[in-house]
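Participant: Mind looking over this structure? Questions follow.
The values are calculated or read from the model by the stated rules, or taken from the named source; none is laboratory data. Here the structure is a predicted model, which is why all the values come from computation and not from measurement. Note: ideal-geometry Cβ built from the backbone for every residue, glycine included; neighbour counts use all protein chains shown. Note: areas computed on protein heavy atoms with side chains; ligands, DNA, RNA excluded. Shrake-Rupley method; radii C 1.70, N 1.55, O 1.52, S 1.80 Å.
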Amino acid sequence: MQLTYTLTLADIKAALRLHTKQDRNRRIRFLISYAILPILAILGSIALILLLLSGHTEWASMFRIVDFVLILLSFFFYFYRVELANKSYKRIFPPTRTEQTSNIDIDDERIFSRTPGVSEEKYFWTAIVAFAQDEKMNLLYLDTNRFLLFPTRALSIDQRTELNDLVARNVVRKKS
């Protein structure tokens, strides 16, 4: 099976989302960073305003630092995630690269990934430790945090079935 595709910034973001969903610890960190901290920051701001309005300035002055730190962390984690996606995209598409297409050739023996002007990589199935797939992206894991990615839209229904069969035959599940 040979695929030619063009990755976009939205594809990189989708791959990072799928990667986050693959591990319980990553899901928990994501939930804390992008849901719980912002909610606490908003609730802290509301509480700070209420304390100031009710005349409890001594409590408000102590609480102001905590609320400021929560707001700062919320913005930091949001912008960190945006920067991570942009940095990953720029790594794949450096300014000197003119061609935007990438190729991946997958068969029963090996996986050959080619990004013109950037890299050519050949992996045997023994190097693949895991596989993740959703409606947007496919990830072939080389390690817990390194993966080959390609969009699901590049696959026909038959190719998607063939890919799932190849993965089922060749990716060895490691016992934890």
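Participant: Straight-line reach from LYS136: which aspartates and glutamates fall under 13 Å, measuring Cα to Cα and dropping same-chain residues less than 8 apart?
Facilitator: Result set, ordered by chain and number: ASP11.
Participant: Could you check how many percent of all C-alpha pairs in region 51-99 are farther apart than 11 Å?
Facilitator: In whole percent, the long-distance tail amounts to 74.
Participant: Next question, about the same structure. Express the accessible area of the chain per residue in Å², computed with a 1.4 Å probe while the remaining protein chains stay in the model. The partial results should precede the final answer.
Facilitator: Numbers: 11320 Å² over 176 residues.
Here the per-residue accessible area is 64 Å².
Participant: Could you tell me, in Å, what Rg and Dmax come out for the Cα atoms of the chain?
Facilitator: Values for the chain (Cα only, Rg and Dmax): 22.0, 72 Å.
Participant: If you don't mind, another one. Heavy atoms only, probe 1.4 Å: what % of the accessible area of the chain goes to carbon and sulfur, would you let me know?
Facilitator: Details: 6900 of 11320 Å².
Roughly 61 percent of what the probe reaches on the chain is carbon or sulfur.
Participant: OK, next. Given points 7 Å out from each Cα along the Cα-Cβ axis, report the TYR34 to THR96 separation in nanometres with one decimal.
Facilitator: Distance between the two pseudo-spin positions: 3.3 nm.
Participant: Over region 73-171, what is the relative contact order in whole percent, taking alpha-carbon pairs under 8 Å and six or more residues apart? Spell out each step's value before the answer.
Facilitator: Working: 109 pairs, mean separation 16.3, N = 99.
Relative CO of region 73-171 lands at 16 percent.
Participant: What number, in percent, do you get for the relative contact order of the chain if the mean sequence gap of Cα pairs under 8 Å and at least 6 apart is divided by its residue count?
Facilitator: Values: 207 pairs, mean separation 44.8, N = 176.
Here the relative contact order equals 25 percent.
Participant: What are the radius of gyration and Dmax of region 81-153, computed over its Cα atoms and given in Å?
Facilitator: Cα radius of gyration and Dmax of region 81-153 are 12.9, 37 Å respectively.
Participant: Compute the projected area of the convex hull of the Cα atoms of region 1-93, averaged over all viewing directions, and report it in nm² to one decimal place.
Facilitator: Its Cα hull, projected and averaged over all orientations, spans 8.0 nm².
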